[in-house]
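The values are calculated or read from the model by the stated rules, or taken from the named source; none is laboratory data. In this text the structure is predicted, and so the values were computed from the model without any measurement. Cβ atoms come from the backbone with ideal geometry, glycine included; neighbour counts cover every protein chain shown.
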Amino acid sequence: MLRIADILEALNQPRPQKATAAIPHAVIDSRLARAESLFIAIPGENVDGHDFVADAFSKGASFALIQHEIKGDFATLDLRSELSQTEMGELDAPLCLLVDNTIVALQEIARFWRSKLDLRVIGITGSVGKSTTKELAAQTLGRRYKTLKNFGNLNNEIGLPLTILGLRSDHERAILEMGFYVPGEIDFLCQIAKPQVGVVTNIGTVHAERAGSQEAIARGKAELVEALPPAPEGVAILNYDDIWVREMAKMTKARVFFYGLSSEADLWADQIEGLGLDGIRFRLHYKHETLHMHIPLIGRHSVHTALRTTAIGLTEGLTWQEIVSGMRDGRAQLRLVTARSKNGSVILDDTYNASPSSTLAALGLLDELDGHKVAVLGDMLELGQYEHQGHEMVGLRAAEVANTLLTLGKRAHIIADSARKAGMPQKAILEFEEIDSITEWLEKNLTNKHIVLIKGSRGLGMDRIVAALEAEK
């Protein structure tokens, strides 16, 4: 377990001889602080974490990283220059640790702590499917190994180091989602996490507004495979069906493991059958083996999640029994969930986020189900130059699948226009600008014969629609 002595050594101080205090948790939100936590005070545009140091200490935190003096009667150790053993003193909690920059200090502590641990790290990146793969793979690896994963979406330059500080000496595997917004970000995360295995899901247009073209996004994601150690230690698990990802095989010294729907891949699937809310059925091929699979992932597109999880399991030495039972467990926290509305309709809640590829996949699931199909689709943000094309593609598919289309937001008008041009009747398309208005329409018109897909970018807050419709449990 991480100790205060490790933190001081990581921050270029002499390792104290007497300090043995353990730090089982590291948090940036004082509300999550508990006994013996390390609280990292991060200044933000609207909220300064330094204002909540006292709150963190009141909840039991032992130490706080700060980058400027704070109000309150708290002992402070100035780490901005090297101290002697005598100057460090007893290091009694609660204690503030003053550094030049708390984010940089967090990253340096995580880098140091990772270097002290003997475990294998699996990094996952891609435009769609990172979190679902992380959850299912962690669940499956957990059949044999003590495994740590990112909590929620802690996948950036702050979240990933926080996750690493949760590693203990008995952890055998860590599976870490790595987000990408700007060039160099994944390379930086790899310098901290030191992954031996890299998984790339696909290259879409999400974050194109910040990252630029699809080619630029592909270059950014490729930083993961470029950072892997050479074979046999390093393994790059790549999506053969995505040409952008397939080309990454040329950019790594690691062993390449392809997965996909083509028999050219090392691991591939065919005879894929969507069973609606009962999961998917498919045939899996690896070397000279063929397995018939039935797992509780929803939608035909989920076969790629299953393939990625299987590839990770095989790479890490799991048996077929461990892989299959891990994927059949069904406890993985998947993004798309189902619920019942007060009127008895089935709700497909996919409101976490949206991109063209993930929305098309969700519409594919809607297509597999029986009932009057309602697609509630909101703006897809951060698509940059692909904004019009992305919304247009979704509208074309919505016209093929949905009986009724409701859109939310200015960009989603493109979805509605595209659906109309594709032949969807005008009376079947309703366009809204406000959450309350679309919620009111759904509450009045849904029956137990309806199946409703609700999907849009997180910034729209479409989870409020689901909360308003959902029946009390």
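Observations on the model:
- When segment 100-109 is filtered for residues that are more than 12 Å from GLU9 (Cα to Cα) and either surrounded by 21 or more Cβ atoms within 10 Å (Cβ to Cβ) or at pLDDT below 95 (or both), the ones remaining, listed by number, are THR102, LEU106, GLN107.
- All positions within segment 354-396 that are under 19 Å from the mean Cα position of the chain (by Cα), in a loop (DSSP other than H, G, I, E, B) and either of a type in the set (Val, Ile, Thr) or surrounded by fewer than 22 Cβ atoms within 10 Å (Cβ to Cβ) (or both): LEU381, GLU382
- Restricted to segment 276-297, and to residues there that are assigned to a loop (DSSP other than H, G, I, E, B) and surrounded by fewer than 17 Cβ atoms within 10 Å (Cβ to Cβ), the residue that is nearest to the chain's Cα centre (by Cα) is LYS287.
- Pairing residues of segment 257-275 that are touching a residue at least 40 places away in the same chain (Cβ under 8 Å) and outside the structural domain of THR201 (by TED's automatic domain parsing) with residues that are of a type in the set (A, V, I, L, M, F, W, C) and assigned to a strand (DSSP E or B), at Cβ distances under 7 Å and at least 6 apart in sequence or on separate chains, gives no pairs at all.
- From GLY159, GLY204, GLY184, residue being more than 16 Å from ILE122 (Cβ to Cβ) and surrounded by fewer than 18 Cβ atoms within 10 Å (Cβ to Cβ): GLY184
- Against the numbered list (1) surrounded by fewer than 19 Cβ atoms within 10 Å (Cβ to Cβ); (2) modelled with pLDDT under 95; (3) part of a helix (DSSP H, G or I), LEU136 comes up short only at (1).
- Within segment 415-447, being farther than 21 Å from ASP367 by Cα and assigned to a helix (DSSP H, G or I) holds for ILE435, ASP436, SER437, ILE438, THR439, GLU440, TRP441, GLU443, LYS444.
- Those residues of segment 19-73 which are in a strand (DSSP E or B) and either farther than 20 Å from VAL104 by Cβ or without any contact (Cβ under 8 Å) to a residue 12 or more places away in the chain (or both), in sequence order: ALA22, ASP48
- Contact map, segment 433-459: first residue within 20 Å of GLY390 (Cβ to Cβ), second residue surrounded by 14 or more Cβ atoms within 10 Å (Cβ to Cβ) and of a type in the set (Lys, Arg), Cβ cut-off under 8 Å, separation 6 or more or different chains; pairs are LEU453/LYS373.
- Qualifying residue in segment 198-221 (condition: closer than 22 Å to TRP113 by Cα and either part of a helix (DSSP H, G or I) or under 17 Å from the mean Cα position of the chain (by Cα) (or both)): yes
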